[in-house]
Amino acid sequence: MLDKEDYMARLERARKRRDQRTGQRNLIFIAGGLILLILLGFGIYRLRTSGKPAAAETGGAEEETLESTEPETEAPTEPTLSPEEEAAQQLAQEVQGVLDSYTDMGLIRVEGYLNVREAPGSEGKIIGKLMENSACEILDTEGEWAHITSGGIEGYINAQYLLTGDEAKEAARPYVVERAIIRADKLNIRSEPNGDADNVVGQALQNERYEVIAQENGWVQIAEGYISADYVEIRLALNEARKLDLRTMALNQYDHLVISKVDNYLNVREEPKSDGKIIGKMTSKAAGEILETLDGWYKIRSGNITGYITADPQYTTTGQEARDIALETASLMAIVNTDMLNVRKEPSTESSIWTQISKEERYPVLQQLDGWVQIEMDTEDSDNAFISTRDNNVEVRYALAEAIKFSPLEEAAQAAASRRTQLVNFALQYVGNPYVWGGTSLTNGIDCSGFTMQVMKQFGVSLPHYSGSQAKMGKAVTSSEMRPGDLIFYANSGGTVNHVAIYIGNGQIVHAASRRSGIKISTWNYRTPKTIRNMLGD
């Protein structure tokens, strides 16, 4: 529902539109009124003067008749509306016009969003999504499925989440607000109302609709940031469907794409020089936006990192080759938008929570359901992991890997600290190598517990090749006490330890994650830890 400030803002906009439209009309009414008064006065004058001679000839009978006539009663006038009442009336008419533009309106009633499918049935290919309280035109119904069109998309949705008829129009009324409708193929969303290259935070695509917060100096403020007013149509409207981001949509996130060609990680440095401080790493085939080209270096933005990478074509690529790699590697990801998000065993809020995931990671999507997404977790078994898409806490789209924050540990003076630093740096040299279930080779393939076993072996610690057994060894420490070289263990939905990683400092771990990602760096709490163990005994 609209709050008071939103309502008054809409009244003010409606009042301005009314004043602009009625300016000329008022002038015409005034001029017409003056003419009418002149004609009326002239008519009364003629009536009175034409009657006097006749009265003299007939002995005054006509004059008596005229004088005895009762004055005409003025026609009742409509009560004058206040400017606020007129603006409200005008707004109500315009809102009704939006509602009446739908022949057979449907209104989406679901928490989060509803999938639009190419064909009726849960197996139909997903081609778009309808957010809660979005509208569609119902073309037909086929059993439990409604054939609809919305936002330039024609497809099928589950009819149980659809409000129809007059009930839909009445429920939709509060959601008819001023929206910016994108008319360009792709439009940058910026953090500030200016065209600086480094303030792009996203893209809006053709036919997408965004509620307008404010307008100023050629920019439109929306919840996501600012967009140029030159490429949008602003009018009262309901929200409608958005196309599913396809692989090519992943490319639309970049105007000047660069792709890393290394086998494991490419360093992102604070300065454009080979000994510059490392502030991040780009995985193999990760993407970035080139902000500036220097002598042998690219200044890039990738993920939350802005820094410099080498422009050596041996390690990076741009142009068509970069686009080809991006199209080949873009995959459907669940991108978390909140600090921590519950993961459940089943797609239901009644199902138990078995871990939480953070927004620092992107998670491969295995299946999309209405209101839920099944994701791939970095585990060694086939746990069911479902996250809710309600409250817009997760975005599902095709995306490319991007840089992650990383700062290597410095050698410390103390012998114990130096040993831990050496262990971390030893483990990091295998980042990017493949994951193999049951494997023990740091170069040719290894699983999570095999990785920790082999790394610890180099530093005099013997561990079994099973994460559950490793979790019982060493000394338990808290997250506030953990140091680089400690092992962090994670559990499956039944509470059984099934994954292990090495803490490398700065809130990060290195681990043999999965067949898809191999040995990689992640945030230490990318999922909820079960226990943390000090294996080095210092």
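Values for this structure:
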{"quantity": "Amide H contacts under 5 Å for GLY432, placed H, 5+ residues apart", "calculated": "ILE519, LYS520"}
{"quantity": "3J(HN,Hα) from dihedral phi, the range 437-443, Karplus parametrisation 6.51/-1.76/1.60, rounded to Hz, x for glycine, proline", "calculated": "4, x, x, 10, 9, 5, 9"}
{"quantity": "Cα→Cβ-extended label distance, 7 Å offset, between GLU170 and SER469, nm", "calculated": "6.9"}
{"quantity": "Under 5 Å, built H, 5+ apart or other chain: amide partners of GLY288", "calculated": "VAL258"}
{"quantity": "Packing-based order for 530-537, 398-405, using average beta carbon neighbours within 10 Å, highest first", "calculated": "398-405, 530-537"}
{"quantity": "Heavy atoms of THR164: accessible area, 1.4 Å probe, square angstrom to 10", "calculated": "70"}
{"quantity": "Length added when fully stretched, GLU350-LYS273, from 0.36 nm per residue minus Cα-Cα", "calculated": "22.3 nm"}
{"quantity": "Segment ILE335-ALA92, extension gain: residue separation times 0.36 nm, minus the distance between their alpha carbons", "calculated": "83.6 nm"}
{"quantity": "Length added when fully stretched, SER122-ASP324, from 0.36 nm per residue minus Cα-Cα", "calculated": "69.6 nm"}
{"quantity": "HN-Hα J in Hz across the range 86-98 - Karplus 6.51, -1.76, 1.60, θ = phi - 60°, x for Gly and Pro", "calculated": "5, 5, 5, 5, 5, 4, 4, 5, 5, 4, 4, x, 5"}
{"quantity": "Protection-proxy order for peptides 279-285, 79-85, each taking the mean of Cβ atoms within 10 Å per residue, highest first", "calculated": "279-285, 79-85"}
{"quantity": "Coil-residue trypsin sites (Lys or Arg not before Pro) of the range 429-525, DSSP, other Cβ within 10 Å capped at 13", "calculated": "LYS472, ARG515, ARG516"}
{"quantity": "For the range 486-496, Karplus couplings with θ = phi - 60° (6.51, -1.76, 1.60), whole Hz, Gly/Pro x", "calculated": "6, 9, 10, 10, 10, 10, 8, 5, x, x, 8"}
{"quantity": "Candidate residues TYR308, TYR466, TYR363: accessible-area rank, largest first, probe 1.4 Å", "calculated": "TYR466, TYR308, TYR363"}
{"quantity": "Solvent accessible area, Å² - ARG390, 1.4 Å probe, full protein context", "calculated": "80"}
{"quantity": "ASN194-ARG235 FRET efficiency (beta carbon distance; Förster radius 30 Å; 0.05 resolution)", "calculated": "0.75"}
{"quantity": "Assigned charges on the beta-carbon of Lys, Arg, Asp, Glu; the range 90-199 dipole about Cα centre (debye)", "calculated": "220"}
{"quantity": "Probe 1.4 Å - accessible area at MET131, Å² to nearest ten", "calculated": "40"}
{"quantity": "Order by protection proxy (mean Cβ within 10 Å, highest first), peptides 501-510, 92-101", "calculated": "501-510, 92-101"}
{"quantity": "Distance between the range 117-167 and the range 426-470 - C-alpha centres, whole angstrom", "calculated": "49"}
{"quantity": "Cα-based reach from LYS405 at 26 Å (exclusive), listing lysines while leaving out same-chain residues under 8 positions away", "calculated": "LYS261, LYS273, LYS277, LYS281, LYS285, LYS299, LYS359, LYS520, LYS530"}
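The values are calculated or read from the model by the stated rules, or taken from the named source; none is laboratory data. These numbers come from a predicted model, not from an experiment. Every residue, glycine among them, receives a Cβ derived from its backbone with ideal geometry; neighbour counts consider all protein chains shown. All accessible areas refer to the heavy atoms of the entire protein, side chains included, with ligands and DNA or RNA removed. Shrake-Rupley method; radii C 1.70, N 1.55, O 1.52, S 1.80 Å.
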